[in-house]
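The values are calculated or read from the model by the stated rules, or taken from the named source; none is laboratory data. Quantities reported herein were computed from a predicted structural model and do not represent experimental measurements. Here Cβ is always computed from backbone atoms with ideal geometry, including for glycine, and neighbour counts include all displayed protein chains. Please note that ligands, DNA and RNA were not included when accessible areas were found on the heavy atoms of the full protein model with its side chains. Shrake-Rupley method; radii C 1.70, N 1.55, O 1.52, S 1.80 Å.
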Amino acid sequence: MPAIVAAQSKALTRITLGYQSLWAGGGEIFEALRHTNILELNGIEAEFKTFTFGGPLGEAAVAGSIDNIYAADAPTLRAISRIPSSKVLHRTHDQRFGIVVRNDFKGTTLADLKGAKLSGAFGTTVFPRSIQAVVAAGIKEPFKDITIINQDIAEQAESLKSGLVDAVTTWDPTYERLLQQKIGRELWRDPKGASGIQALSGPWLARNGEEAAIRFLKAWILAVWWTSNNLPQADEWFAQTSRLDASLLRAATDADRYLRAPVKDVESLDFVVSDAEISESQKVLDFLHEQKLLTARLEAASYYDRGPLTVAQKQIAAGDFPDPAKIKVVG
């Protein structure tokens, strides 16, 4: 590892961070930020707030009660389009998602959802990406041929148990809970999965500047490294936050390129959002607009700024980041 430069001692930059209590993978990284001194080592002091999924988190960002927007592409981009000068800065983690059906559901393919009751949280990315797959399977008018219900992810287990719905669009750890506890069975899983993204709000960036954003990104990268090397502890913290058994979390971290096994070097971590990923996000936004779930068409690429991450990763490659040996659990 190259020579490591400690963060200069000065007044800490304040930030209020929101994260999702029912989104594993990224959730463990937030727990590392919350329960260690990684942010402080990078000159940042944080307050944390939790939300069940990306829709309410995005609304909190629009209202100004948090300074970041952490979700998948659709809710993040919808939120920052309403907060001037906000920018998506980096990829957070990889996730799996799909559609789980009641155990007594007669069908075996997405086309068999015709006439069924399907729930999903409309303000997520998992919902439109799943509906896109349904359309590709042959149900060309899903909002006519399927009874679709807007539902919080926290309600999915009971809805399947009670028969209120036949199927749900879901992600981990709820995904794994439904399967492990035999509440439902998997009908379809997206073969590629998707990645979370994170933005910082325009007001926070205006107050603190790009240098503070770079320090935040370095803290995130260091937190991912720490999480990959201390996953049982991070799982335990996130299990307490999500109120789910830690055994349900492994499937989510196995889906992430950096959390499935310990990462040796901080310098090897890369959180750039690729052009291909931005193009996929545009397809989701266009689908939402076509289905009249998004009032105005959004240009995804205009909301991304890869500059701060480029600087952060170059600094890390040069050894300019806090000494990992100084990381300690603080609460």
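Would you mind stating whether Ala133 is in contact with a strand residue (DSSP E or B) (Cβ under 9 Å, 6 or more places away or on another chain), among the small types (Gly, Ala, Ser), free of Cβ contacts under 8 Å to residues at least 40 places away in the same chain and open to solvent by less than 40 Å² (accessible area, probe 1.4 Å)? Let's see the steps before the verdict.
Details: in contact with a strand residue (DSSP E or B) (Cβ under 9 Å, 6 or more places away or on another chain): yes; among the small types (Gly, Ala, Ser): yes; free of Cβ contacts under 8 Å to residues at least 40 places away in the same chain: no; open to solvent by less than 40 Å² (accessible area, probe 1.4 Å): yes.
It is false that Ala133 is in contact with a strand residue (DSSP E or B) (Cβ under 9 Å, 6 or more places away or on another chain), among the small types (Gly, Ala, Ser), free of Cβ contacts under 8 Å to residues at least 40 places away in the same chain and open to solvent by less than 40 Å² (accessible area, probe 1.4 Å).
Can you tell me which residue within the range 184-203, out of those that are in a loop (DSSP other than H, G, I, E, B) and either free of Cβ contacts under 8 Å to residues at least 24 places away in the same chain or open to solvent by 20 Å² or more (accessible area, probe 1.4 Å) (or both), is nearest to Gly55 (Cα to Cα)?
In the first step, residues of the range 184-203 are kept if they are in a loop (DSSP other than H, G, I, E, B); the result is 190-193, 201.
Remaining after also requiring either free of Cβ contacts under 8 Å to residues at least 24 places away in the same chain or open to solvent by 20 Å² or more (accessible area, probe 1.4 Å) (or both): 190-192.
Numbers: Asp190: 21, Pro191: 24, Lys192: 23 Å.
So, considering only residues that are in a loop (DSSP other than H, G, I, E, B) and either free of Cβ contacts under 8 Å to residues at least 24 places away in the same chain or open to solvent by 20 Å² or more (accessible area, probe 1.4 Å) (or both), the one nearest to Gly55 (Cα to Cα) is Asp190.
In this structure, does Leu57 turn out to be crowded, with 24+ Cβ neighbours inside 10 Å and in a helix (DSSP H, G or I)?
Details: crowded, with 24+ Cβ neighbours inside 10 Å: yes; in a helix (DSSP H, G or I): yes.
Yes, satisfied.
Residue under question is Ile148, and the condition is that it be farther than 21 Å from Ser242 by Cβ, open to solvent by 10 Å² or more (accessible area, probe 1.4 Å) and touching a residue at least 24 places away in the same chain (Cβ under 8 Å); does it hold? Steps first, please.
Numbers: farther than 21 Å from Ser242 by Cβ: yes; open to solvent by 10 Å² or more (accessible area, probe 1.4 Å): yes; touching a residue at least 24 places away in the same chain (Cβ under 8 Å): yes.
When the stated conditions are applied, Ile148 passes them.
Here is a check on your reading of the model: is Leu41 crowded, with 24+ Cβ neighbours inside 10 Å and either hydrophobic (A, V, I, L, M, F, W, C) or more than 19 Å from Leu285 (Cα to Cα) (or both)? Show your work before the answer.
Details: crowded, with 24+ Cβ neighbours inside 10 Å: no; either hydrophobic (A, V, I, L, M, F, W, C) or more than 19 Å from Leu285 (Cα to Cα) (or both): yes.
Against the criterion (crowded, with 24+ Cβ neighbours inside 10 Å and either hydrophobic (A, V, I, L, M, F, W, C) or more than 19 Å from Leu285 (Cα to Cα) (or both)), Leu41 does not qualify.
Exactly one of these conditions fails for Ala261: (1) part of a loop (DSSP other than H, G, I, E, B); (2) open to solvent by 20 Å² or more (accessible area, probe 1.4 Å); (3) closer than 30 Å to Arg78 by Cα. Give me its number.
Among (1) part of a loop (DSSP other than H, G, I, E, B); (2) open to solvent by 20 Å² or more (accessible area, probe 1.4 Å); (3) closer than 30 Å to Arg78 by Cα, the lone unmet condition for Ala261 is (3).
Quick check, is Ile148 part of a loop (DSSP other than H, G, I, E, B) and more than 20 Å from the chain's Cα centre (by Cα)? First the steps, then the outcome.
Working: part of a loop (DSSP other than H, G, I, E, B): no; more than 20 Å from the chain's Cα centre (by Cα): yes.
Here the answer is no, as Ile148 does not meet what is asked.
Tell me, please, whether a residue that is under 28 Å from Gln313 (Cβ atoms) and either touching a Gly at 6+ places or on another chain (Cβ under 9 Å) or in a strand (DSSP E or B) (or both) can be found in the range 97-110.
Within the range 97-110, one or more residues are under 28 Å from Gln313 (Cβ atoms) and either touching a Gly at 6+ places or on another chain (Cβ under 9 Å) or in a strand (DSSP E or B) (or both).
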